[in-house]
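Encoded as structure tokens, the structure appears first; notes follow it.
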Number of protein chains: 2
Amino acid sequence: MTASVLIKAEPLRAFAADIFRKAGLADDQAEITAEVLVWADLRGHPSHGVIRIPLYCGWVESGLINVEAMPKAVMVKGAVVKVDGESAIGPAAMIAAADAGIVRAREHAAAWVLVQNHSHAGAIGYYAQRVAAQGFAAVVMSALRPMMAYHGTRGAAVSTNPIAIAMPGGPLLDMSTAASSRGKLGVAKATGRPLPPGIALDRDGRPTTDPHAAVTLTPMAGPKGAGLSLMIECLTSVALGRPLIAPALDHPALRDDVRQNSLVMAMDVSAIGASDVLAGNLAALTRAIKAQPRADGFDEIRMPGERGDREYERRSRDGIPVPAKTWQQITAVATRFGVAAPDEVNR
Amino acid sequence: MTASVLIKAEPLRAFAADIFRKAGLADDQAEITAEVLVWADLRGHPSHGVIRIPLYCGWVESGLINVEAMPKAVMVKGAVVKVDGESAIGPAAMIAAADAGIVRAREHAAAWVLVQNHSHAGAIGYYAQRVAAQGFAAVVMSALRPMMAYHGTRGAAVSTNPIAIAMPGGPLLDMSTAASSRGKLGVAKATGRPLPPGIALDRDGRPTTDPHAAVTLTPMAGPKGAGLSLMIECLTSVALGRPLIAPALDHPALRDDVRQNSLVMAMDVSAIGASDVLAGNLAALTRAIKAQPRADGFDEIRMPGERGDREYERRSRDGIPVPAKTWQQITAVATRFGVAAPDEVNR
């Protein structure tokens with residue numbers, strides 16, 4: 001039995017877009033969602049890749065995702081934009097926010113775009129990189145419902161709220177505030193592999209390495225990760241007047257809410273006057289960091305996003321490995337929608 | 001022998017300001033520096049408190065701090081401001097940046113203020129709270145010379161670059177990207193207490209708990225803290241065309257450089273339309289988090305900054321405990337400048 005199938009990126013993207021179209025999404029929303037998922041797979045982050053297709057389709061079918069949504073700016077004041085996601089599929093709302101940020105930052109040299117009410121954003125590094133590609137320093141954050149312990153709590157109290165930071169030409173940091181990502185739990189459940197110790201608690205608040213018993217993630221660095229996650233909720237949901245955490249803690253029925261709120265910040269590096277030396281300074285930083293004496297057990301020192309860049313290149317060439325169980329779940333959805341699966345790469 | 005002396009906040013602030021004035025700083029710069037240091041002591045963060053007086057005075061005397069500096073905006077474009085610190089003492093430059101951020105954010109609803117070339121900023125939570133007090137969501141970051149391992153390096157490759165986030169009325173997160181702060185090393189050296197395990201490496205890159213052998217701090221959560229620190233260097237120093245890390249790694253003589261670059265971001269919460277419900281939503285979040293079932297060993301669950309708020313209140317009333325050894329070092333500097341030490345509180 002094959003542990004995984006290998007699919008080329010372009011057919012996989014077209015396949016995913018077809019599924020989303022058949023599920024009811026508008027063309028552009030189906031395309032960008034497929035693009036964002038396959039981007040994560042290409043970079044070697046399967047937890048945010050096509051493994052999410054069945055979940056997203058389920059949300060469309062249950063009405064949690066509004067296929068009529070047209071995310072757009074509903075308020076603009078100076079460098080600040082508020083985008084209403086209208087319960088859209090995450091990538092459709094996030095792209096609207098990222099692009100609004102690019103437009104605003106061109107005009108005001110910086111932008112601060114809040115976007116409310118969208119489903120799972122996917123890998124938010126995608127939007128940070130998209131903004132950075134236009135010559136801006138970019139910071140993206142996203143807030144979700146409780147799924148991680150806060151420092152000192154027994155169960156889930158905050159989320160794994162991620163933060164991504166990108167510079168034009170790289171590097172790209174994309175990290176959750178958890179000791180590990182919730183998506184990794186999903187991958188572990190799919191592959192059956194045990195979790196690393198210290199990243200999850202069971203139903204009773206005790207540490208566990210069994211992916212099937214894991215219920216609550218732990219914050220990175222204890223109070224720091226918990227605090228950063230809580231402040232991301234404040235900078236997004238609370239600033240928008242759309243809190244996610246407090247209502248979900250007060251009303252357990254809201255714990256399965258899929259809504260997110262996000263923030264996209266951009267700063268035009270050319271406004272500061274150092275854009276002519278930016279690429280050189282980033283290259284010098286990369287070279288200096290990578291040249292440092294290595295600790296025992298390290299073959300190399302990597303910049304944020306470097307492994308993802310390398311994987312992106314390799315997988316763009318060779319194809320994307322999808323675990324057999326994941327592929328089976330995706331093709332089951334596709335079959336239901338009458339979408340034919342792409343060919344596997346012969347190995 | 002008394003382990004510490006107890007000094008009231010106001011006399012301590014006046015004492016510190018007098019020392020800085022006698023050291024050569026202008027009145028306003030002496031005052032704000034004393035204010036920022038005593039604020040940290042009041043909040044129970046002695047590592048960023050008056051313990052730094054001898055260090056700062058040494059930098060003034062050696063010329064690393066320019067007492068003639070008048071930090072000011074040298075470039076304004078839309079919501080972006082560049083402040084040149086002119087090698088000023090940190091708090092003088094940071095206050096200029098925070099206040100420029102407040103002015104810009106009033107006009108453009110958001111602001112992104114970069115400030116270059118200042119000495120140690122002190123506790124950057126001070127500036128985040130100052131900006132937040134004007135009704136803005138605030139994010140402050142600061143970049144320093146290498147003093148922390150990057151993920152996989154044997155020695156110092158990045159800094160403990162801190163980030164602070166504040167909302168109007170609280171909470172206030174102020175954290176370094178290290179597993180622990182460099183200031184805590186200083187306190188441990190002063191008190192002679194061993195370090196917690198896992199926060200520092202010795203000269204050979206091996207873990208140590210001996211504060212006198214500790215040379216390099218470790219990043220929080222391994223690659224996450226290291227990556228976040230590196231991106232703060234990018235968002236500040238590299239964006240400004242004033243890199244700190246790469247030159248210091250290439251030229252060991254620059255490793256003692258005291259210059260920092262910082263970023264102050266502000267967003268006018270009223271621009272988003274939710275400021276009328278902001279206080280209520282923050283209170284609901286605080287209540288919900290603190291009401292969660294506690295893990296074994298926790299007496300209470302605290303919001304970011306809550307312990308500091310409580311300590312601030314208590315120490316404002318009762319006085320600030322200063323370790324005897326620290327007090328001896330400060331009064332030695334004061335004596336040299338002919339400044340009389342304030343009375344101790346009788347205990």
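Kindly provide the set of residues from segment B:155-171 that are more than 9 Å from chain A (Cβ to nearest Cβ), closer than 19 Å to residue B:306 by Cβ and in contact with a strand residue (DSSP E or B) (Cβ under 6 Å, 6 or more places away or on another chain), ordered by number. Across segment B:155-171, the qualifying residues are B:162, B:164.
Of all residues in segment A:254-278, those that are among the aliphatic types (A, V, I, L, M) and more than 29 Å from residue A:96 (Cβ to Cβ) total 2. The condition (being more than 10 Å from chain A (Cβ to nearest Cβ) and touching a Gly at 6+ places or on another chain (Cβ under 6 Å)) is satisfied by just one residue among B:108, B:151, B:120: B:120.
Taking the criterion of being surrounded by fewer than 18 Cβ atoms within 10 Å (Cβ to Cβ), acidic (Asp, Glu), in a loop (DSSP other than H, G, I, E, B) and over 18 Å from the mean Cα position of the chain (by Cα), would at least one residue in segment B:204-225 satisfy it? Within segment B:204-225, one or more residues are surrounded by fewer than 18 Cβ atoms within 10 Å (Cβ to Cβ), acidic (Asp, Glu), in a loop (DSSP other than H, G, I, E, B) and over 18 Å from the mean Cα position of the chain (by Cα).
Here's a check for you: in segment A:140-156, which residue that is crowded, with 24+ Cβ neighbours inside 10 Å and within 20 Å of the chain's Cα centre (by Cα) is nearest to residue B:233 (Cα to Cα)? Checking each candidate, the answer is A:140. Identification of helices (runs of 4 or more DSSP H) wholly contained in segment A:228-347 with 2 or more residues that are at pLDDT 95 or above and at the interface with chain B (Cβ under 9 Å from one of its Cβ atoms) yields A:245-250, A:278-290.
Exactly one residue out of A:97, A:111 is assigned by TED's automatic domain parsing to the domain that holds residue A:190, surrounded by 18 or more Cβ atoms within 10 Å (Cβ to Cβ), touching a Leu at 6+ places or on another chain (Cβ under 9 Å) and modelled with pLDDT of 95 or more: that is A:97.
Residues that are assigned by TED's automatic domain parsing to the domain that holds residue A:129 and in a helix (DSSP H, G or I) do occur in segment A:77-91, at least one of them. The residues in segment B:9-54 that are crowded, with 24+ Cβ neighbours inside 10 Å and not in a helix (DSSP H, G or I) can be counted, and the count is 3. The condition (being within 14 Å of chain B (Cβ to nearest Cβ) and either free of Cβ contacts under 8 Å to residues at least 24 places away in the same chain or surrounded by fewer than 24 Cβ atoms within 10 Å (Cβ to Cβ) (or both)) is satisfied by just one residue among A:70, A:75: A:75. Only residues that are of a type in the set (Val, Ile, Thr) and in contact (Cβ under 8 Å) with a residue 40 or more places away in the chain: list them for segment A:193-229, please. Once the filter is applied, which keeps residues that are of a type in the set (Val, Ile, Thr) and in contact (Cβ under 8 Å) with a residue 40 or more places away in the chain, segment A:193-229 yields A:215, A:216, A:218.
Counting only residues that are more than 30 Å from residue B:275 (Cα to Cα) and at the interface with chain B (Cβ under 8 Å from one of its Cβ atoms), segment A:202-227 holds 3 of them.
The values are calculated or read from the model by the stated rules, or taken from the named source; none is laboratory data. The shown structure was predicted, so the numbers you read here are calculated from the model rather than taken from an experiment. So basically every Cβ, Gly included, is an ideal-geometry build from the backbone, and we count neighbours across all protein chains shown.
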